[in-house]
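Structure record follows, encoded as structure tokens.
The values are calculated or read from the model by the stated rules, or taken from the named source; none is laboratory data. In this text, all values refer to a predicted model and were calculated from it rather than measured experimentally. Cβ sites come from the backbone with ideal geometry, for glycine too, and all protein chains shown count toward neighbours.
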Amino acid sequence: MMPAYFVAHGAPSLVLEEHNYTDFLKSFPRTQPKPKAIVLFSAHWESRTQTISAVPDVYETIYDFGGFQDELYRITYPARGDAGLSDEIGKLLKERGIESAVDVERGLDHGAWAVLKLMYPDADIPVVALSVNRLLSNEEQYRIGQALAELREKDVMIVGSGGTVHNLRRIDWRAGEPAGWAAEFDGWLEEKLLAWDTESLFQYRAVAPYAVEAVPTTEHFIPLLLAMGSGDQTRKASLLHRGYQYGTLSLSCWKFE
């Protein structure tokens, strides 16, 4: 069965950077199975209804940020969609009583293309992008992942793109190490993920240390629960990489088998 993954996308400039995490993402095709298609939940596509991309041809590249290097705005990621897979996702969600909608125009935002450009630079794997809805409960997020789990049996890779610690207001541009509270939150999270303690994870904002500091808004954390939900059958999590940028942005990758 194709694993599911949570992949941190860091700052938009990640795709231009050179460090341990970008080296890890570039090595991804050599260390992990190659999928036939990728289903990706991006923290930067929010909607009140679970929305499924169904572009008829090639995705446009969305530059949903400002003030970065000129080179960043020249990068493209011309992945193709997969209409059949988009339709299948809609049916799987409907079977679980989950309302969904289809979007045939939206391109790939940087939560999607920045990591995919590093992982699969040739853009030769079909992609179906999915939105996140921060109004749902954590249990509901997990159930969306569960609904799509059987896609993994067809060599479809499910990816959640976000950040377990994502506090832009507390950034320290000179920081070489994570803030103590950031590391403590991620340590708690690691313990609960490895134990597959969904009860604690669903209540993380109330019970985890420094949860409000680490997750001031939830859209970057939700993709973790979506990817994890698709691994509910086997309930095996492993941490493939963890690092930090600027003290308060985590660069982690989790694998769910």
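Here are a few things to note about the model shown:
- Tabulated pairs, the range 185-204, first over 23 Å from residue 248 (Cβ atoms) and hydrophobic (A, V, I, L, M, F, W, C), second part of a loop (DSSP other than H, G, I, E, B) and modelled with pLDDT of 95 or more, C-beta under 6 angstrom, 6+ apart or interchain: 196/235
- Those residues of the range 73-103 which are within 15 Å of residue 62 (Cβ to Cβ) and free of Cβ contacts under 8 Å to residues at least 60 places away in the same chain, in sequence order: 73, 74, 76, 77, 78, 79, 81, 103
- Enumeration of residues in the range 198-257 that are part of a loop (DSSP other than H, G, I, E, B), under 25 Å from residue 149 (Cα atoms) and aromatic (Phe, Trp, Tyr): 221
- Among the residues of the range 119-146, those that are crowded, with 22+ Cβ neighbours inside 10 Å and hydrophobic (A, V, I, L, M, F, W, C) comprise 127, 128, 129, 130, 132, 144.
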